[in-house]
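A short write-up of the structure that comes next.
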Amino acid sequence: MSNDDRPVLDPTTDHVVPNPGVEEHIERFTDVDKGAGNRAYAAILAMLGAVPVLVILNLIVYFAIRRHTTINIEFAGVKFLHASAQNFLLGLTAGLGVLLIGLAVVQWARVLMDDHEIVEERHSAASDEETRAIAIEKFQAGVAESNVKRRGLILGALGGAVGTVALPAVVTLADMGPWPTKAMRKETIEKTLFAAAPEKEVLLVNDETWRPIKATDLEIGQLVNAEPSNLHGWVDDEGHHHHEDALEGVEGHQAKAKAAIVIVRMDPNDIKIPESRKDWHVSGILAYSKICTHVGCPISLWERQTHHLLCPCHQSTFDLGNSGVVVFGPAARSLPQLPITVNDEGYLVARSDFTVPVGPSYFERDSRNDYKDGDQ
Ligand code: FES
């Protein structure tokens, strides 16, 4: 068939798709039955009212249930649940509270707010002043029609319920540790296991073998990762493990995070030893914190020729031949140096704790005593 043989169609009458229009409106049960509306209203209030109760239960669980208590649910030899009772109940009460708020809001919108279809003709996406004014007017009309004002109690209950669920989040902040007052900081983040010295002998031990390190064991250019002997104990030449004051579990991990050190040996003639630190080293053997002062990565990439220690995280570079000053990278503070000496048998021991806090900065940290290039 050529183009000329095709029938001519009238676009207004031929093959016109009928406009389906708006479907017939179906009344909701709450529209036709006033009692059902009131029952739905009561149910929504009950859901929101249960939220503060769940919050109180949540707080009771937090304070009353011991952290190590477990919950076991077993049936016919099959284990369904084995979990921390506190975590399980905290999750259950908090989750139920949030769920009830969600259900109440959805139910409110579905069965109580005004329900009528609106047909709106398409128009240009750009809106002029007049359209905006109309939109605001319609929005306000929508607010009025949604019965928010008439059912004002729901709005109040919703505000109260949402407000109370924030409470457990605030209370559980207590798990982040004690309030960091100055006195508390001095006993926690600003103190390491080396603080036991010199009243008690704290040996520097290899952090893998736990054997104490003798000054004569180290060669020039060598780096050893070490820790204090009061962390995991120490192992003598016969292989006996002395662990009278060793720490375990979380306490041990936290202590190690602050007390991990690197010990390096350099030729004393090649390095700068300031007057104030002249008795902090043993014949060119120096100990530094292993924790980067930028954001706390453990460091041990050692360039023995340049005496630089490089952090793998963001490339901060510290000069261990110059009291740990930063020579490159984002770290703002020198690497803290640990004052060391030797005991009668020639083993390396701590003279005291670090003189400045180890690790990254924090808001209240006092940086006045940090070593700066050129200090004496
Ligand atoms: S943590 Fe060391 S450079 Fe960022």
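Looking across the stretch 263-289, the residues that are farther than 18 Å from Ser352 by Cβ and not polar (S, T, N, Q) come down to Val264, Arg265, Met266, Asp267, Pro268, Asp270, Ile271, Lys272, Gly284.
Here is the figure for the stretch 199-225: residues that are out of contact with any helix residue (DSSP H, G or I) (no Cβ under 8 Å at 6 or more places or on another chain) and within 16 Å of Val282 (Cα to Cα) total 12.
Scanning the stretch 242-256 for residues that are hydrophobic (A, V, I, L, M, F, W, C) and either in contact (Cβ under 8 Å) with a residue 60 or more places away in the chain or surrounded by 17 or more Cβ atoms within 10 Å (Cβ to Cβ) (or both) yields a total of 2.
Between Gly35, Gly95, Gly77, Gly21, the distinction of being under 30 Å from Leu167 (Cα atoms) and out of contact with any Asp or Glu (no Cβ under 8 Å at 6 or more places or on another chain) belongs to Gly95 only.
Here's the yes/no breakdown for (1) closer than 30 Å to Arg211 by Cα; (2) hydrophobic (A, V, I, L, M, F, W, C):
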{"position": "Cys311", "(1), (2)": "yes, yes"}
{"position": "Ala332", "(1), (2)": "no, yes"}
{"position": "Ile340", "(1), (2)": "yes, yes"}
{"position": "Tyr362", "(1), (2)": "no, no"}
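Going through (1) within 16 Å of the ligand (Cβ to nearest atom); (2) of a type in the set (Asp, Glu); (3) in contact (Cβ under 8 Å) with a residue 12 or more places away in the chain one by one, Glu364 falls short only on (1). Within the stretch 169-185, the set of residues being hydrophobic (A, V, I, L, M, F, W, C), farther than 15 Å from Val55 by Cα and modelled with pLDDT under 85 comprises Leu173, Ala174, Met176, Trp179. Would you check which residues across the stretch 230-241 are in a strand (DSSP E or B) and either surrounded by 15 or more Cβ atoms within 10 Å (Cβ to Cβ) or in contact with a helix residue (DSSP H, G or I) (Cβ under 6 Å, 6 or more places away or on another chain) (or both) and list them? Hits for the stretch 230-241 are Trp234, Val235.
All conditions but one from (1) within 13 Å of the ligand (Cβ to nearest atom); (2) touching a helix residue (DSSP H, G or I) at 6+ places or on another chain (Cβ under 7 Å); (3) not charged (D, E, K, R) apply to Leu348; the one that does not is (1). In the stretch 30-53, the residues that are over 19 Å from Gly159 (Cβ atoms) and in the same structural domain as Trp108 (by TED's automatic domain parsing) form Cβ pairs under 8 Å with partners that are part of a helix (DSSP H, G or I) and polar (S, T, N, Q), at six or more places apart or across chains, as follows: Ala36/Thr30; Gly37/Thr30; Ala40/Thr30; Ala40/Gln107. Taking the listed residues Leu158, Leu173, Leu153, Leu167, the one that is over 35 Å from the mean Cα position of the chain (by Cα), more than 30 Å from His307 (Cβ to Cβ) and part of a helix (DSSP H, G or I) is Leu153, with no other qualifying.
The values are calculated or read from the model by the stated rules, or taken from the named source; none is laboratory data. The shown structure was predicted, so the numbers you read here are calculated from the model rather than taken from an experiment. Reconstructed Cβ throughout: ideal geometry from the backbone, glycine too, with neighbour counts over all protein chains shown.
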